[in-house]
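*Asks:* To start, I am sharing the structure in question, which I have written as structure tokens.
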Amino acid sequence: MLSPRTRKVLFASLPLFTTLASAAQVAPPTAAELRKLQGVRWFGVDIGAKKCGYARETFNRVEKDGTITYVVESDVLLKIQMLGTTQEIEIKDSRTFSKDGKFLSFQGGMTSIAGSQTWEASVEGHLMRVVSKVAGRESAKIIPAPKMTLGDLLGGNLLVLRGAKPGTKADGYHYDATIGKELATVVEIGRKKNIMFNGVQTEVVAISSLIPELNITSTSWVSSEGISLETEQSVGLMKMRMRLEDEKLAKDITYSRDLVNESVIKTDKSIPDAVKCKRLKLRIANVESDKIILPSRRMKYKKPAEGSYELVCTIERVDVAKALRLPITAPEMKEYIASEELVQSDAPEIVKTAKEIVGTETNSWRAACKINQWVHKSLAKVGTATFSNALDTLRTREGDCSEHSVLAAALCRAAGIPARQSAGLTYWTPQGGFAGHQWTEVWVGQWVAMDPAFGQDIADATHLKFVEGTLRDAIGVYGFFSKLKIEVVESE
């Protein structure tokens, strides 16, 4: 079993995590309030109950050539272990605001063994130009200027400074470059209480924050001076915590954390030889949102009660003789052939490799199988904790389920086979439960789930699809996983 995709969603949401506790639409901050919140602060970062990294948050007033701006920065460094591979993940986020709190620009990026991605954005009037760089390829787009203000970014802390009463709610906005859009946020002030913080009785206010679209929730404990002392955020089955520390203690990471077992939903009954499973019947309880229910030819659902489902998943059958001839140009498949920022099917390296793999084959199913097996055999199985892209994966020739699926999708598209990425859960025998996973689907006259990470031309019946498409979709769906209960009824 390769690294669960849930961890990647969690790390992708880190730029949100460092500021989520304070996102709210509130009155602009005064100069006196801003002075109280300025400075550099260090945090230890835990995943589960163990430390795995640190973060530095900086809020400064900058005066240059007579112009005053405010800059909010966060730098996160994680040291983790996945499938025996030690790796570091660095995430940077910097936002600049005008003196009156208007959003001006953004810079950020994410670096790991899977490669690096960077984003830059600047506001011009009512529009914002966003430039992203992935695998050395730069792309730009123009979008409406975000509504986010400095008040949004500091909002929860400001409400505490202003003595907001418990139950006070405020709406706000947060632009996230990772998923390329602005997100609505809701913050609520909780009650005051005394906690032991670094051995000292400290009065704090609990602040809960929610991004409804992504179902991401965080809770922060903020001092009466408006300083965040601790923040917790959950995504799917994982919980991350940041705790205010001095610099030396924050940077003290004497070990790396192996995260392979973090995202497993245990089942009451095991599934023997899961990779050969052709039919699976499950009962799934505590389903908080129907958005994760995606009925298809291979996944049939019944809903006996609210929040509960019975699912029968069977493997697909492919009639090779009826598979479409290459290239497939049906208008309705246009989006599944097109090149994307992370699925660079038009890159010369991708196109050349696809031609070499497929050769003279014109049967779309046989061609898809060739690509699937080439990806499986050509990529070293290395766990990565961040999202990669097809071009970087082709160059590094390593990765986990995400890298396998994105490269397979790009190669298929380059060969004229419509393809998309899908994700959800699959059964992990060593841990006796379901874990996050990602695979590829191809259109050959019908959609067929393939798993290049497992080397399965037809994915086994334990592949439970809950997500189709983008990282944005993945983040929103994985927020519902933590409470799922899965009962194995039958497997064959």
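The values are calculated or read from the model by the stated rules, or taken from the named source; none is laboratory data. Quick caveat: nothing in here was measured; it's all calculated off a predicted structure. Glycine also receives a Cβ, built like all others from the backbone with ideal geometry; neighbour counts cover every protein chain displayed.
*Asks:* Got a sec? Which strands (runs of 3 or more DSSP E) wholly within the range 53-152 have at least 3 residues that are exposed (fewer than 15 other Cβ atoms within 10 Å of the Cβ) and at pLDDT below 95?
*Replies:* Passing ranges, in order: 137-144.
*Asks:* For the range 184-222, what are the residues that are over 27 Å from the mean Cα position of the chain (by Cα), surrounded by fewer than 17 Cβ atoms within 10 Å (Cβ to Cβ) and part of a strand (DSSP E or B)?
*Replies:* Answer for the range 184-222, where residues must be over 27 Å from the mean Cα position of the chain (by Cα), surrounded by fewer than 17 Cβ atoms within 10 Å (Cβ to Cβ) and part of a strand (DSSP E or B): 191, 192, 193, 194, 195, 196, 197, 200, 201, 202, 203.
*Asks:* On the given criteria, is residue 160 more than 24 Å from the chain's Cα centre (by Cα), β-branched (Val, Ile, Thr) and not in a strand (DSSP E or B)?
*Replies:* Criteria met by residue 160.
*Asks:* Looking only at the range 177-210, how many residues end up being modelled with pLDDT of 85 or more, under 24 Å from residue 92 (Cβ atoms) and hydrophobic (A, V, I, L, M, F, W, C)?
*Replies:* So the count comes out to 1.
*Asks:* Inspect the range 405-420 for any residue being within 27 Å of residue 134 (Cα to Cα) and in a strand (DSSP E or B) and give the result as yes or no.
*Replies:* yes
*Asks:* Going through the range 250-305 one residue at a time, which ones are of a type in the set (Gly, Ala, Ser), in contact with a helix residue (DSSP H, G or I) (Cβ under 7 Å, 6 or more places away or on another chain) and modelled with pLDDT under 90?
*Replies:* 263
*Asks:* Being over 19 Å from the mean Cα position of the chain (by Cα), assigned to a loop (DSSP other than H, G, I, E, B) and among the aliphatic types (A, V, I, L, M), is that true of even one residue in the range 371-392?
*Replies:* Yes; the residues of the range 371-392 include at least one that is over 19 Å from the mean Cα position of the chain (by Cα), assigned to a loop (DSSP other than H, G, I, E, B) and among the aliphatic types (A, V, I, L, M).
*Asks:* Among the residues of the range 21-52, what is the count of those that are surrounded by fewer than 20 Cβ atoms within 10 Å (Cβ to Cβ), modelled with pLDDT of 90 or more, out of contact with any strand residue (DSSP E or B) (no Cβ under 6 Å at 6 or more places or on another chain) and not aliphatic (A, V, I, L, M)?
*Replies:* Of the residues in the range 21-52, 5 are surrounded by fewer than 20 Cβ atoms within 10 Å (Cβ to Cβ), modelled with pLDDT of 90 or more, out of contact with any strand residue (DSSP E or B) (no Cβ under 6 Å at 6 or more places or on another chain) and not aliphatic (A, V, I, L, M).
*Asks:* If you don't mind, another one. What's the total number of residues in the range 354-379 that are β-branched (Val, Ile, Thr) and crowded, with 21+ Cβ neighbours inside 10 Å? If you could, list the steps in order and put the result at the bottom.
*Replies:* From the range 354-379, those β-branched (Val, Ile, Thr) are 357-358, 360, 362, 371, 375; that's our starting set.
If we keep only those that are crowded, with 21+ Cβ neighbours inside 10 Å as well, we get 358, 371, 375.
Counting residues in the range 354-379 that are β-branched (Val, Ile, Thr) and crowded, with 21+ Cβ neighbours inside 10 Å gives 3.
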